[in-house]
Amino acid sequence: MLKFILKGILRDRSRSLFPIIVVALIVALVIFNRGFLVGTMNGMFRDTAVISSGHVKIMTHSYQEESQLMPNDLALMNVGEITEILGLKYSDYFWSPRISFAGLLDLPDEQGETKSQGPVMAIGIDFLSSESRQFELWELEKRIDSGHMIKNANDALVGAKLAEKLGLSLGDQVTYIGTTMNNAFTTFNFTVVGTFNLGMGPLDKQMMLVDIEGARMALDMNDAASEILGFKHDLYYDDDAAVAIRNQFNAVHSDASDIFRSSMIALRDANQMGAMIDLVDWSTFIILGIFLLIAMIVLWNMGIMSGLRRYGEMGIRLAMGETKGQVYRSLILESVIIGTIGTIIGTLIGLPLTYYVQEVGIDYSAAFENLNSSSLIMSSVFYTKVTPDLYYIGFIPGVLATVFGTMLAGRAIYKREMAQLFKELET
Amino acid sequence: MSNNNIVEIQELIKQFPVGGGFFTALKDINLKIEIGEFTGLVGPSGSGKTTLLNIIGGLDSPTQGNVNVLGIDLGSSSHNKRATLRKTKMGFIFQSYNLLPVYSVFENVELPLILNKVNSNERKKLVEQAVEWVGLTNKLKSRPNMLSGGECQRTAIARAIVHKPALILADEPTANLDAENSHQIMKIMVCLNQELNTSFVFATHDEKIMAYLRRIIHLEDGQIVKDEQIKNPEMGEKR
Ligand SMILES: Nc1ncnc2c1ncn2[C@@H]1O[C@H](COP(=O)(O)OP(=O)(O)OP(=O)(O)O)[C@@H](O)[C@H]1O
Ligand SMILES: [Mg+2]
């Protein structure tokens, strides 16, 4: 009987072709959509983790309270020792101190007079120590668009747009003007060794990256740091693990009277990331549900139409002694086969597409040009992500929708008196 | 019931719900059909021929009365039991052939055997035999849309006969055919009736069919008005 049904499906294009196309399209959409969502979110997590939050990060409690102001007078002290202990205690993570600071960047001419000047946001990162993975994390290999990587403590990488704005060229000495961690006025000269383009509009316009030792000299912050960022060795953000060590760490450092006590936050605590993480989980369900519903309604209607056309077949099969149940079940078997074929085709379309966009990306920078909100760090190039679940996720809407659609359409068989089916088949 | 009777109907009434009330399509039907009969239900349009045929076939159920077909009391048996009876012991032929369009002649004829779980070697043998009876051996691979009306109906006859049922019910089998094809088909059925002793019940108002019948049951307004045996049906003369 199965063979008989298969032959029917293969030969009757009108019965199988459109449902297969519908299923394939919807499956491809679901797969791409899921890949897009996960990819975008992963990208967003990664960017947020690298640029601001780590998978987890440690600050003093009072720095955390006012972290928007980059209050380096509240910075962590004895950072070398803390980092060493963290490395031993939480060995799944590697720990990297950084100093975030802001001020003015001044480009002098030969006489030492200001040629151009502008505000700057700078991050001092441990680029130079031997075990540092920051070069890899920041993907500087592809993001440095002129010059070279930082080699000395007073080297600086400047955002390409900032460099353009101030008219900086490679080799220029620029003067940072700001305050030390003791709130004293300071100037410090950095050498521009390269420019970078993170593909994140607002950051490229005002950011400078320097080595943490340079920042320490500039701000008089010996063995101090604004924050210590922790990253899992595999660089993949694991929300549950991050939340667990955050809770563990904060339970140990819970002396509320000490405003300089260390305090840890996880990625999800920064910039509404928690809501995002939950959203990804939920939206997958919701999107699956919506597509399932759409596919089901379409296939239901198709099923009714093709069912009308097939009353003759149903009638004759009933006359030949199949029960209504058997006819109904064979229709459903048919729909499982059609749904499976459609799902396989849809997966074969959706996966390569998702893979392609994972490798190449979609550049949205033009659309984001005017979007200057810097609270949400977001890359203007979107990448999808091929996750293992994409190989089978299509079966949920693909097969379920065809089966449900057919079940709904097929109820007509039960509703009609058998003799009535024959009436219709006589005409 | 006597062993010779393939159909026994007593005091059959069939009513259809129409609007708030009922429409009586058959009333006071008493009827016996013996094994091997070649019988026709004849009457004007709306007289209840199809309704009676459907009830005999277990496709519709009686409102009142006893209907016993092939030893099974249809009134009291389940859907499944009636389906099994149709599957194993009955064949149907319709005015509009009702061949499955995507399947070849061979596959159409094969279907009742698949439903009866006959193995594939046996199936092949039986299908070829049935197709030979109706003279379509050279069209085994054709699809219905490549066949003429007569060939379609012959395929349908092969399909009805392939599992060697005891009873074949045919509702206006010649209504869509020209005279020549009608005669050809009737001759095939007469042959099958004689060689396999298969019983045939027709519903028709086609004179050409009536000429072959050995018994004509006249229906009018849902009642049997005349039940006549024919001494010398046409096949006798033409053979
Ligand atoms: N499902 C139904 N509901 C209501 N009335 C019905 C139904 N089926 C048949 N009838 C009525 O029962 C009567 C007999 O119908 P039937 O189809 O048996 O006639 P028939 O003798 O086969 O006619 P024809 O020669 O036109 O095929 C008709 O008046 C018809 O309208
Ligand atoms: Mg009729």
With a 1.4 Å probe, how much accessible area is buried between chains B and A, both sides summed, in Å² to the nearest hundred? 2400
Electrostatic dipole magnitude of the range A:179-233 [Cβ: Lys, Arg +1; Asp, Glu -1; Cα centre; debye, to 20]: 160
Based on the Cα coordinates of the range A:1-63, what is the per residue volume of their convex hull in Å³? 126
Using a probe of 1.4 angstrom, how much of the accessible area of the protein assembly as shown is carbon and sulfur, in percent? 55
Where is the GNM fluctuation largest for chain A (alpha-carbon springs, 10 angstrom cutoff): A:E113, A:E334, A:E81? A:E113
Most fluctuating of A:G39, A:G312, A:G274 in the GNM of chain A (C-alpha, under 10 Å) is A:G312
List the residues of the range A:317-360 for which accessible area in the full set of protein chains is at least 40 Å² lower than for the chain on its own; 1.4 Å probe, protein heavy atoms only. A:A319, A:M320, A:G321, A:T323
Over 22 Å between C-alpha atoms is what I'm after, so list which of B:K87/B:K125; A:K415/B:K89; B:K81/B:K125; B:K14/B:K87 land there. A:K415/B:K89; B:K81/B:K125; B:K14/B:K87
Using +1 at the C-beta of Lys and Arg and -1 at the C-beta of Asp and Glu, which of B:L41, B:N119, B:A170 has the Cα lying farthest in the positive direction of the dipole of chain B? B:N119
Pairing the Cα long axis of helix A:239-252 with the longest principal axis of chain A, what angle in degrees results, from 0 to 90 and rounded to the nearest 10? 40
Rounding to the nearest 10 and keeping the result within 0 to 90°, find how far the Cα-based axis of helix A:13-48 lies from the longest principal axis of chain A. 10
Please work out the C-alpha center-to-center distance from the range B:90-112 to the range A:114-166 and express it in whole Å. 79
Would you mind telling me which residue in A:L162, A:L25, A:L333 has the biggest mean-square fluctuation in a Gaussian network model of chain A, where springs connect alpha carbons within a distance under 10 angstrom? A:L333
Counting only DSSP beta bridges with both residues in chain A, what percent are antiparallel, rounded to the nearest 5? 80
Over its alpha-carbon atoms, the range A:1-132 yields an Rg and a Dmax in Å of 28.4, 94
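When the dipole is taken about the Cα centre of the protein assembly as shown, and only Lys, Arg (+1) and Asp, Glu (-1) are charged at their Cβ, what size is it in debye, to the nearest 20? All intermediate terms of the calculation are to be shown ahead of the outcome.
On the way: 60 positive and 72 negative charges, 967 e Å.
Roughly 4640 debye, rounded to the nearest 20.
Give the average over all directions of the projected area of the C-alpha convex hull of chain A, one decimal, in nm².
Computed as one quarter of the Cα hull surface, the answer is 27.1 nm².
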Taking the range B:22-81 and dividing mean pair separation by its residue count, relative contact order in percent (alpha carbons under 8 Å, at least six apart): 20
Solvent-accessible area per residue for the protein assembly as shown (1.4 angstrom probe, square angstrom): 45
Complex-versus-alone comparison for the range B:94-112, residues with a loss of 20 Å² or more in accessible area, probe 1.4 Å: B:F94, B:Q95, B:S96, B:N98, B:L100, B:V102, B:Y103, B:E107, B:L111
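Return the average number of partner chain Cβ atoms within 10 angstrom of each residue Cβ along peptide B:155-162.
The per-residue average across the peptide is 1.
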Of all DSSP beta bridges located in the range A:96-223, what percent are antiparallel, nearest 5? 75
Net charge near B:G150 (other residues with Cβ under 9 Å of its Cβ; Lys, Arg +1; Asp, Glu -1) is -2
Amide hydrogen neighbours beyond the local backbone of B:G65, cut-off 5 Å, H modeled: B:I13
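Just need the relative contact order of chain A here, percent rounded to a whole number, with Cα pairs under 8 Å and 6+ apart.
Relative contact order for chain A comes out at 27 percent.
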Cα long-axis angle, helix A:79-89 against chain A (0 to 90 degrees, to the nearest 10): 30
Where does the Debye-calculated log10 I(q)/I(0) of the range B:52-91 sit at q = 0.23 Å⁻¹, using only Cα point scatterers of equal weight, no solvent? -0.65
Over all directions, the average projected area of the alpha-carbon convex hull for the range A:96-223 comes to how many nm²? 7.4
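Keeping every protein chain in place, order B:C191, B:C152 by accessible area at 1.4 Å, biggest value first, i.e. largest first. Can you show the working numbers first?
Numbers: B:C191 40, B:C152 15 Å².
In descending accessible area the options line up as B:C191, B:C152.
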Value of D in µm² per second that Stokes-Einstein yields for chain B, Kirkwood Rh from Cα pairs, at 4 °C (1.567 mPa s): 71
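Computed over the Cα atoms, what is the radius of gyration of the range B:1-137 divided by 2.2 N^0.38 Å, N being its residue count?
Details: Rg = 17.5 Å, N = 137, 2.2 N^0.38 = 14.3 Å.
Working it through for the range B:1-137, the quotient is 1.22.
The values are calculated or read from the model by the stated rules, or taken from the named source; none is laboratory data. This one's a predicted model, so the numbers in the text were calculated from it and none came from an experiment. Positions of Cβ are generated from backbone atoms using ideal geometry, with glycine treated the same way; all protein chains shown enter the neighbour counts. Remember, those area values only see protein heavy atoms, side chains included, never the ligands or the DNA or RNA. Shrake-Rupley method; radii C 1.70, N 1.55, O 1.52, S 1.80 Å.
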